[in-house]
Structure formats: structure tokens, C-alpha cells
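Report on the following structure.
The values are calculated or read from the model by the stated rules, or taken from the named source; none is laboratory data. Everything numeric here is computed off the predicted structure, so don't read it as measured data. Positions of Cβ are backbone-derived with ideal geometry, glycine not excepted, and every protein chain shown enters the neighbour counts. Side chains are part of the model used for accessible areas, which takes the heavy atoms of the whole protein and leaves out ligands, DNA and RNA. Shrake-Rupley method; radii C 1.70, N 1.55, O 1.52, S 1.80 Å.
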Amino acid sequence: MARVLLRNLNKHYETFHAVKDVDLEIQDREFVVLVGPSGCGKTTTLRMIAGLEAITSGEILIGDTVVNEMPPMDRDIAMVFQNYALYPHMSVRDNMAFGLKMRKFERAEIDRRVKIASDILGIEALLHRKPRQLSGGQRQRVALGRAIVRNPQVFLFDEPLSNLDAKLRVQMRVELKKLHERLGTTAVYVTHDQVEAMTLGDRVVVMKDGWVQQVGDPLELYNNPANKFVAGFIGSPGMNFAAVTIERDGDALWAANPGMRVRVPDAIVTRLGPHSGRAATLGIRPEDLHIAGPADDAGHCFDAHVEVVERLGSEILLDVSVGPSSMVASVPPTVRTKMHETIRLALDPERLHFFDAETEAAI
């Protein structure tokens with residue numbers, strides 16, 4: 001087991017700067033997820049750790065060893081790919097054993113490791129089959145087993161669940177979490193799916209355009225996003241945003257636009273005060289909106305026009321327009337409302353977020 005340390009890591013493809021000044025320390029036995037949209041640099045970062053991409057500048061350490069020039073086979077890592085990369089003409093047993101055979105392991109040791117891995121993954125009955133005789137989930141387990149038998153210092157996962165259907169992805173997420181708990185091996189996992197990132201990672205690294213936007217545990221990113229991008233990317237459905245002007249009325253501050261006027265909570269008036277008279281972005285998550293009732297403060301309520309009603313069983317998502325802004329509200333399944341109605345919504349003032357209109361940094 002080992003930590004992974006990235007120091008000022010950069011990657012250029014001719015004139016394109018794909019990864020920019022990444023500094024990251026992944027602790028021994030930690031499960032860290034790199035997440036972001038396509039083209040953000042997460043897979044390139046993973047491939048540089050693996051040695052499949054040469055770095056342009058910076059350092060990569062696995063344990064205490066700088067591995068910049070070290071070939072992949074000497075880095076003591078195991079990688080699980082999106083496309084499984086199984087040999088179609090080999091049995092499951094031979095696919096799992098192949099890497100060990102290439103490293104001249106004794107037959108008895110190979111059999112021992114394959115048995116342990118197949119027991120962990122519950123694929124003992126599949127060892128004689130060929131990949132074409134397996135389902136997608138079974139093939140993914142075989143790919144995991146091939147990595148496990150290596151007993152590496154670090155596991156690297158490159159979107160390993162993206163080829164599976166939605167139900168199987170949920171199941172495999174649980175299996176991966178259990179597997180990491182059992183093996184305790186350092187893991188770096190790449191995905192574009194923020195739900196995977198939130199459920200799997202001890203810490204999550206959010207990337208955009210080659211830059212690391214924020215690093216933290218899932219709830220820290222969810223509750224205290226560093227900027228508008230992280231706020232909108234983490235959470236499903238994403239955070240609602242509305243362009244507002246911060247207005248002062250005596251000792252109170254208000255966030256206003258043509259469709260809403262919301263009183264700023266006392267707890268953040270001091271922090272938001274310097275932005276008085278300036279444009280800002282208000283953020284509120286769908287679950288922090290509800291149908292207004294008699295107990296709700298009028299300063300935290302506004303009218304909304306219902307455009308779409310999405311009944312999901314456990315909740316209803318209301319796609320609404322609030323003046324120039326579009327929002328989504330998550331309400332209980334008992335709420336009865338129809339398209340084209342005007343409803344009164346209330347927000348939780350303690351869950352408001354504000355972002356600078358120019359820099360998009362959290363205020």
C-alpha cells in the first residue's frame with residue numbers, strides 16, 4: 001500500500017494544455033475520485049499516474065519513489081478500464097492469471113491468488129467460461145479480479161462502470177465500496193458521474209478545463225462549494241441559480257430580480273455586505289425549496305410558474321420559471337399540482353449560497 005503524490009503536474013499536447021498545475025496528495029488506503037465533464041483532464045491525470053502518458057512537467061510519487069520515468073509495469077499499480085480489456089480466447093481463470101504468468105509466478109501462487117480473488121468477487125463458478133459467455137457485470141468482476149490478483153500498491157479505475165446499465169451500476173458501486181473496505185488498497189477512480197463520485201470517494205477532486213476546482217469529502221463539496229461550477233456539478237438535480245442584485249434596505253440585505261425578492265439571512269449579511277448594489281448569483285438546491293405555508297416568512301417566498309411535473313415516486317420534481325430564471329423544486333409525492341399553474345414556493349434561508357457574478361467564486 002502507498003500514498004500517491006502529484007506535484008505541480010502538467011500535460012501539454014502541442015499547443016493544448018490538458019492538465020494544469022495539479023497538486024494532490026492521496027493518502028495510503030484512501031479512495032479518491034477524480035470527477036468532471038468530458039475534457040476536464042481527469043483521465044489524462046490518471047494515465048500519467050499509470051505511466052501510459054508522459055508528463056510535461058512536475059512530479060509523480062508512488063510511496064516515496066518518483067516514477068516520472070518509470071515504465072508502467074514497474075510502478076506496482078493495477079488499472080481497470082472502461083472496456084474491460086479481456087482476452088476473448090482465454091477463460092476467466094486464464095484472464096485473471098495472465099499478468100502473473102508474465103511475471104513468472106509459481107503455478108501454486110497463481111492458483112492461490114486467483115482463488116482468493118474469485119472468492120471475494122463471487123465468480124468461482126465462472127472460471128471456466130470465456131468472456132463472450134458473461135454478462136457486462138460479470139466481465140467487470142473479471143477485470144477487477146485480474147487487478148486484485150496483482151496485489152498492487154495502487155488501484156486505478158478509468159470509468160469502469162460506464163458501460164453497465166443503471167441498475168447494475170448501483171449494484172457495482174456497492175460492491176466496489178465493499179471491495180475497497182476489505183482490501184484497503186489506495187485507489188484513484190475517474191468518472192464523469194457525480195453520483196458515483198459522491199457515493200464512492202473518501203475525497204472527491206472536481207476538475208474543469210485541466211484545473212482542480214476543489215478537493216474535499218463529498219458532503220464538504222455539497223454543502224460548501226468553492227465556486228459556481230462545483231455547486232452546479234455536485235448534486236442531482238443540480239443547484240438552481242438566479243442572477244440577482246444585492247440591495248440594502250436599512251440593516252437588511254435583499255437579493256432581487258424581476259421574479260423574486262429574497263431577504264438575506266442575518267448570518268451572512270456581514271459577508272455579503274460589500275456586494276451591496278452589485279450583481280451576484282443566488283444558488284439554492286432543489287431539496288431546499290418547498291411549497292409555501294402559513295409558517296413561512298414572506299421574505300423567503302416567491303411565485304413560480306409550473307412548466308413540467310416529473311413524478312419519480314419518492315419525490316416530485318417541479319420545473320418552474322421564476323421571472324427570468326428556471327428552477328427545479330423537489331417536493332413530496334403527496335403534492336398535487338399541474339403544469340401551467342402558479343404556485344408559491346419558499347426556500348430554506350440557511351441553505352442559500354451566493355457567488356460573485358464575475359469570478360463565480362463563493363461569497
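Here are the numbers for the structure shown:
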item: Region 105-167 shape via C-alpha gyration tensor axes, a/c threshold 1.5; result: oblate
item: Selected from GLY277, GLY313, GLY99 as most flexible by GNM, with the chain as the system and alpha-carbon contacts under 10 Å; result: GLY313
item: Pairwise FRET efficiency - THR337 versus ASP266, Cβ, R0 = 35 Å, nearest 0.05; result: 0.65
item: Note, ³J(HN,Hα) from phi for region 321-335, Karplus 6.51, -1.76, 1.60, rounded to Hz, x at Gly and Pro; result: 10, 10, x, x, 9, 9, 9, 10, 10, 9, 10, x, x, 7, 5
item: Inter-label distance, nm, simple model (7 Å from Cα along the C-beta direction), ARG248/SER38; result: 4.8
item: Extended-chain gain in nm, criterion 0.36 nm per residue less alpha-carbon gap, ALA295 and ASN151; result: 46.0 nm
item: Inter-label distance for ASP111 and ASP217, nm, one decimal - labels placed 7 Å from Cα along Cα-to-Cβ; result: 4.6
item: Neighbour cut-off at most 10 other Cβ (10 Å), DSSP loop, GluC sites (Glu not before Pro), region 8-65; result: GLU14
item: Within the chain, helix-based [θ] at 222 nm, where runs of 4 or more DSSP H residues each add -39,500 (n - 2.57), nearest 500; result: -7500 deg cm²/dmol
item: Inter-probe distance in nm under a simple model that places probes 7 Å from Cα toward Cβ, at GLU360 and ARG132; result: 4.8
item: Stokes-Einstein translational diffusion, region 1-160 - Kirkwood Rh over all Cα pairs, 0.692 mPa s, 37 °C, in µm²/s; result: 194
item: Under 5 Å, built H, 5+ apart or other chain: amide partners of GLU53; result: MET48
item: Between 0 and 90°, nearest 10: helix 166-183 axis offset from the chain longest Cα axis; result: 60
item: Degrees, to the nearest 10: 107-121 long Cα axis against longest axis of the chain; result: 20
item: Helix axis angle, 92-102 relative to the chain longest principal axis, alpha carbon, degrees; result: 70
item: Fully extended contour minus Cα-Cα distance, from HIS89 to LEU61, at 0.36 nm per residue; result: 6.4 nm
item: Fully extended contour minus Cα-Cα distance, from GLU350 to GLU14, at 0.36 nm per residue; result: 116.2 nm
item: Distance-filtered residues of region 54-81 - backbone nitrogen under 20 Å, label point 7 angstrom along PHE98 Cα→Cβ; result: 72-81
item: Square roots of 5 times each gyration tensor eigenvalue, C-alpha, the chain, largest first, Å; result: 47, 25, 15
item: Region 247-299 and region 60-87: distance between their alpha carbon centers, rounded to Å; result: 50
item: Under 5 Å, built H, 5+ apart or other chain: amide partners of PHE157; result: VAL80, VAL188, TYR189, VAL190
item: Accessible area of ASP209 in the full protein assembly, 1.4 Å probe (Å², nearest 10); result: 90
